[in-house]
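Where a number appears in this text, it was derived from the coordinates with a stated rule and is not lab data. Predicted model, so just to flag it, every value in this text is computed and none were measured. Counting neighbours? That spans all protein chains shown, and the Cβs are built from the backbone with ideal geometry, glycine included.
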Amino acid sequence: MNPSERPTHAIPTPCIGICALDRAGYCGGCLRSVDEITRWSTMSRDQQTHAMQHTLPLREQLRRSLRGSLAEHERLLRALHPLDQPPTGEGWNHSELSDLLPPGPPVEAAVLAGIVPRDSGAQVILTRRTETLRQHGGQVGFPGGRTEPDDRDAVAAALRESQEEIALLPTQVQVLGYLDPFVTITGYRVMPVVAVIDPAFVAVPQPEEVAEVFEVPLAYLMEPANLHQVEIDHRGRIRHVLEYAWPGQRIWGATAAILYNLRRRLEQTR
């Protein structure tokens, strides 16, 4: 057989000819990210098949379910910093803490603000840390932690930490964008990554770090009347911090401030 007559095997592709990225950085047609589109021709056939049969259908399911439970889906996307334009700067609250921060550059960290679409409405995943942790023991927060040298960016750090802490797989997540960075009094610059979580996800807490995983309605967290300012004594100085009075849990400090930042960005987006 002449070499030119040999059958060729076309590379499978989910492209349907609609090639425009949404604000979350995904193609409006095939739902692949820019990175996935770029690497597609170098992927193995098994990787391509898995993406087409599992990853992309799940991504479409998450998109549909979020739109069904969160009527302001497009407004949420507009309120976030796009994935290809991560926010810069010291942190939106830096001026409030500048005289209290430890010397030297901040430690980079990332957290995953995961929204779960439920029939009853969108929920936010939170964790309660174990009491024995040296830092933030017993406190409520988002899955996340320090950005490691091997992490490509804040998204990679947030996904890695979430998998380690609560067994959330990257394939169960559709990342939407960023909130504004936030600096903590312990010297961390935290990048909040907002994402949609597969409703079928079942959390498995890493017992050395996480005592409990729970959900709070997004509508409750976005209601101004549910957020209060409280006074705390820090090194002999009175500071004002934010706190939600959610039954059975104290949602305060950096976590409450990040949720406040989400609310403010939504309020400023029409």
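For Leu21 and Ser98, a Förster radius of 30 Å and the Cβ-Cβ distance give a FRET efficiency of 0.20, rounded to the nearest 0.05. Once the Cβ-Cβ distance of Val241 and Ser41 is raised to the sixth power relative to R0 = 45 Å, the FRET efficiency obtained is 0.35. About the centre of its Cα atoms, region 79-267 shows a dipole size close to 340 debye [charges on the beta carbon of Lys, Arg (+1) and Asp, Glu (-1) only; nearest 20 debye].
Note on Arg146 and His54: their simple-model spin labels are 3.2 nm apart, each label 7 Å out from Cα toward Cβ.
For region 79-267, the calculated P(r), taken from all Cα-Cα distances in 10 Å bins from zero up to the bin holding the longest distance, is 9, 37, 41, 12, 1 percent.
Listed from fewest to most Cβ neighbours within 10 Å, the set Asp153, Asp46, Asp180 follows the order Asp46, Asp153, Asp180.
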